1. Hey, what do the phi angles of the range 372-389 turn into as Karplus ³J(HN,Hα) couplings, whole Hz, using 6.51/-1.76/1.60 and θ = phi - 60°, x for Gly and Pro?
2. Return the whole-Å distance between the Cα centroid of the range 410-482 and the Cα centroid of the range 36-96.
3. Which far-off residues, 5 or more places away or on another chain, put their amide H under 5 Å from the one on E228, with H placed in the peptide plane?
4. From the backbone phi of the range 478-493, what are the Karplus-calculated ³J(HN,Hα) couplings (6.51 cos²θ - 1.76 cosθ + 1.60, θ = phi - 60°) in whole Hz, Gly and Pro given as x?
5. Given a Förster radius of 41 Å and the C-beta distance between D273 and K395 as r, what FRET efficiency does 1/(1 + (r/R0)^6) yield to the nearest 0.05?
6. Take each of the peptides 193-201, 337-345, 234-242, 386-394, average the number of other beta-carbon atoms within 10 Å over its residues, and list them starting from the highest.
7. Quick one: Karplus J couplings for the range 311-322, per residue in order, coefficients 6.51, -1.76, 1.60, θ = phi - 60°, nearest Hz, x for Gly and Pro?
8. Once amide H atoms are built 1.01 Å from N in the peptide plane, which residues 5 or more positions from T484, or in another chain, come under 5 Å H to H?
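FYI, it's all coordinate maths here, none of it is from the lab. Everything quoted here is computed from the prediction, not taken from an experiment. Cβ coordinates were reconstructed from backbone atoms using ideal geometry, including for glycine residues, and neighbour counts include every protein chain displayed.
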Amino acid sequence: MENIFNEKIKLTPLLVLKDIKKTFGNTTALKGVFLRAFEGKAMGVLGENGAGKSTLMNILSGVIQRTSGDLYWKGIHKNSFRNVKEAEHLGISIIHQEIACFNDMNVLDNIYAGHEVGRFGFVNYKKEKKMIKEVFKLLKLEVDLNEIMSNLTIAEQQMVEIAKSILRKSKLIIFDEPTSSLSKKEAESLFEIISKLKSEGIAICYISHKLEEIPIVCDFITVIRDGEYIGEYTVNELTEDELISKMVGREVVEKYPQKDNPSYNQVILKVEDLTNDFVKNINFDLYKDEILGFSGLVGAQRTELFKSLVGFFPKIAGRVLLNGEEISLNSVGSSIKKGIYYVTEDRKNDGLFLDETIRKNISISCLNSISNLGFVNLNKEKKLSNHFIGIMSVKTSSGENTVGSMSGGNQQKVLLAKAFAAEPKVIIFDEPTRGVDVGSRREIYDLIYEAKRNGIGVIVISSDLPEVLGLCNRVVVMKNGRITNKLKGEQLSPEEIIKYAI
């Protein structure tokens, strides 16, 4: 164990976690993990979904307690934190992927909720507002302290959370997938803020599946795989392929499946002059043997277009033809019955029932096929869910496990299983790999290609340019609710997409 850490790193650590183990009943989530953090430096914590990153960060931030192992803070051994406040008192805070705020309260009250600083437990607003404004200036955050949190953008809410951490004099800030819901410009602003925090001597732990962010943000990397510690590295010590291999335990030869050459003979879906409050005069064809991509910047209204198409939003004008026959899609339910399935970008809020079993989540999209006289046939339901658990390579011991207990990658596979179980003619994938690790991404890409080869029409909406270019045969570019161009062949390049998106 003496040489478990990287000998190239000569700095004195602020934090050391040694041989951390965590069990939940009969399940071992962490099997002996090591982690260090350094003042003024960022440690990337990398691994596939389900590797144990979130469990480790929850231990570090006081959400849960470790089963065994040692935690040292400034060289002093510490017991497990009994709660989040104990960790915060020491100087550890976490910025969650899903912002944990009081949406109905204003910005000022959110900052001091649970941390009143005045006499008798009341906030001395006059004194504190000056401090807050100074921190907001550092963060280049221009929001009214009286503004309700729900009215802020995700990026602004995130900056408020960072401001809270600074005001509480945090010495270590954990960022958990901080750019998953941010635009490219917002992400770049966040990177600048993290750089400022580092220059102030604050230690950073940074979790991200976007490997391109790691060299920008991080100085060092810790890799975890299946709850085990793989190693600690300087940020330039490994190539991206070597890093992926460490994370997944195998060599990932290609990120994307080999593209087929579509014949463009059979139009499976035709949209003509679709118009409503979000989009104007939308026209496109989807061919049966292609993957059609939709790209654009934040505000391009790609998601709104397809929510309108499947009946989530009403359309004012336009026609939709499926296999040459005009169809009316007045609701999401009617869309699914007609054979068009929209896979949401927000699996936790819109796509899955997190407190329900995997079995029920998969079967809910096709209850008619497994029911008799209005009652679900349990044997048919189990057979159906087990079938999709198998072909989707969902990592679970049982279909009776709740979806909320699973990693993001496995939740995404359940979401896709739910779509495939409905036996659609067309599937629209909205950000299909958001918050998903590199290993699971390739599995999801293979499933998308398999759907296409089975004759299902496939549309992919993605903000990830390499993903759009790697997966799609043609790309429709949108801006402000309108189509600006349709690209294919040699036209498909980042430069061309960006040119028509801005």
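1. Computed from phi, the couplings for the range 372-389 are 10, 6, x, 10, 6, 7, 4, 5, 5, 5, 5, 4, 4, 5, 5, 4, 6, 4 Hz.
2. Between the Cα centre of the range 410-482 and that of the range 36-96, the gap is 35 Å.
3. Those qualifying (amide H under 5 Å, at least 5 residues apart or on another chain) are K31.
4. Computed from phi, the couplings for the range 478-493 are 10, 8, 6, x, 10, 7, 9, 5, 10, 10, 7, x, 5, 6, 6, 7 Hz.
5. Working: r = 45 Å, r/R0 = 1.09.
Given R0 = 41 Å and the Cβ-Cβ separation, E is 0.35.
6. Numbers: 193-201: 15.3, 337-345: 21.2, 234-242: 13.1, 386-394: 17.2.
Per-residue Cβ counts within 10 Å, averaged per peptide and sorted highest first, yield 337-345, 386-394, 193-201, 234-242.
7. Couplings: x, 6, 10, x, 9, 8, 8, x, 10, 10, 10, 10 Hz.
8. Result for T484 returns V477, M478, K479.
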